[in-house]
Amino acid sequence: MPELPEVETIRRALAPRVQGRRLAAVEILDARWSRPLAPDELAGGLEGRRVERLGRRGKYLLWELEDEVTLIQHLRMTGTLLFDPPDEPSHVRVRIALDDGHRLRYTDPRRFGTGELALGRAALEAFLDARLGPEPFDAECTPAGLRRAARGRTAPIKAFLLDQRRIAGVGNIYADEALHRAGIHPLRPAGALRLAQWEALHAGVVAALQAGIDAHGASIDDFRDPDGARGTFQDTFLVHRRAGEPCPACGGPVRKLVAAGRGTYVCERCQPRPRG
DNA sequence: GTGATAACCTGGGTGC
DNA sequence: TGCACCCAGGTTATCA
């Protein structure tokens, strides 16, 4: 599941290969990907333009093209970008040919991924600002700021972490791993956390995301980098998808429960369940 | 405004 | 072996 570290892994691998190149041809095979624009309409906005920068914001991959045109790409559940795959992969939704002869293939078995066009800097910022809170690694993302955003909230902290408007880039995997690092139960009401807990959680989020980036992402199911290689973060998960196994910190059992409607993994010795 | 839930979608796993 | 069913999850829309 591409979360911030997986998208960053893709960005780092692709940026030196696409920056400065032109999108010679763009073929969109799935109208779901480009809607509300028709495939030809979106492809027409991209073709011939030079890639000035490949950026990222939260889980969005930002293809910043000349003339202030940006392709805002979200991989959702199973999206993968492959660079010069040896064979034509299955579930190809978009084909891109670069002007130096290299090829990109966007594959997405579940077809949740999206590509949207922003015309102009203001449109891009409006799109992102409406959907995303601060980047976890930025100085503006602070424990005190998160605490303010959560004030009065009774929803579980896991739901708060998954809400991209509160903090950008955290998904199900990294929320579980961050909460375990911080010793906080995922069902604890977000508004009930003390400042010291927010400090621990902020540090846990940053540490989990950085570990994911260092491992080139987590490849539980579909994630592959642009060269088709798997990430290794799944090999060092503390709790996520480890139900029934001993907690690496205390040896207690890792349990699976549902929080925010998502499969959630917790060690209730390290992460005491809230009373009531 | 807030929180919970359904819907989108398909491959893989499980049970019969 | 084949079929039906369930589950996974990021985001958005809808409802209470």
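A:Asp129 meets all of the listed conditions (1) surrounded by 16 or more Cβ atoms within 10 Å (Cβ to Cβ); (2) farther than 21 Å from A:Val258 by Cβ; (3) acidic (Asp, Glu) but one, namely (1). Can you tell me which residue among A:Ala155, A:Ala130, A:Ala126 is within 15 Å of DNA strand C (Cβ to nearest atom), modelled with pLDDT under 95, over 23 Å from A:Arg32 (Cα atoms) and among the hydrophobic types (A, V, I, L, M, F, W, C)? From the options A:Ala155, A:Ala130, A:Ala126, the qualifying one is A:Ala155.
Residue-by-condition table, conditions (1) over 19 Å from the mean Cα position of the chain (by Cα); (2) closer than 30 Å to A:Ala15 by Cβ; (3) more than 16 Å from DNA strand C (Cβ to nearest atom); (4) modelled with pLDDT under 90:
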site	(1), (2), (3), (4)
A:Phe237	no, yes, no, no
A:Cys247	yes, no, yes, no
A:Gly251	yes, no, yes, no
A:Leu257	yes, no, no, no
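Considering A:Ala249, A:Ala243, A:Ala260, the condition of being away from DNA strand B (no atom under 16 Å from the Cβ) and among the small types (Gly, Ala, Ser) is satisfied by A:Ala249 alone. The set of residues from region A:39-61 being farther than 23 Å from A:Ala168 by Cβ and in contact with a helix residue (DSSP H, G or I) (Cβ under 7 Å, 6 or more places away or on another chain) comprises A:Pro39, A:Leu42, A:Arg49, A:Arg50.
When the residues of region A:1-36 are filtered to those that are part of a loop (DSSP other than H, G, I, E, B) and within 16 Å of DNA strand B (Cβ to nearest atom), the one that is nearest to the chain's Cα centre (by Cα) is A:Pro2.
The set of residues from region A:1-32 being among the hydrophobic types (A, V, I, L, M, F, W, C) and away from DNA strand C (no atom under 13 Å from the Cβ) comprises A:Ile10, A:Ala13, A:Leu14, A:Ala15, A:Val18, A:Leu23, A:Ala24, A:Ala25, A:Val26, A:Ile28, A:Leu29, A:Ala31.
Cβ-Cβ distances below 6 Å connect the following pairs, each with a first residue in region A:30-42 that is farther than 18 Å from A:Thr78 by Cα, a second residue that is of a type outside the set (D, E, K, R) and surrounded by fewer than 20 Cβ atoms within 10 Å (Cβ to Cβ), and a separation of six or more residues or different chains: A:Pro39/A:Ala31. Only one of the numbered conditions (1) within 16 Å of DNA strand B (Cβ to nearest atom); (2) within 19 Å of the chain's Cα centre (by Cα); (3) under 28 Å from A:Leu193 (Cβ atoms) is violated by A:Phe223, and that is (3).
The values are calculated or read from the model by the stated rules, or taken from the named source; none is laboratory data. Treat the numbers as computed from the prediction; the structure is a model and nothing was measured. A quick note on method: Cβ atoms are made from the backbone with ideal geometry, for glycine too, and the neighbour counts reach across all protein chains shown.
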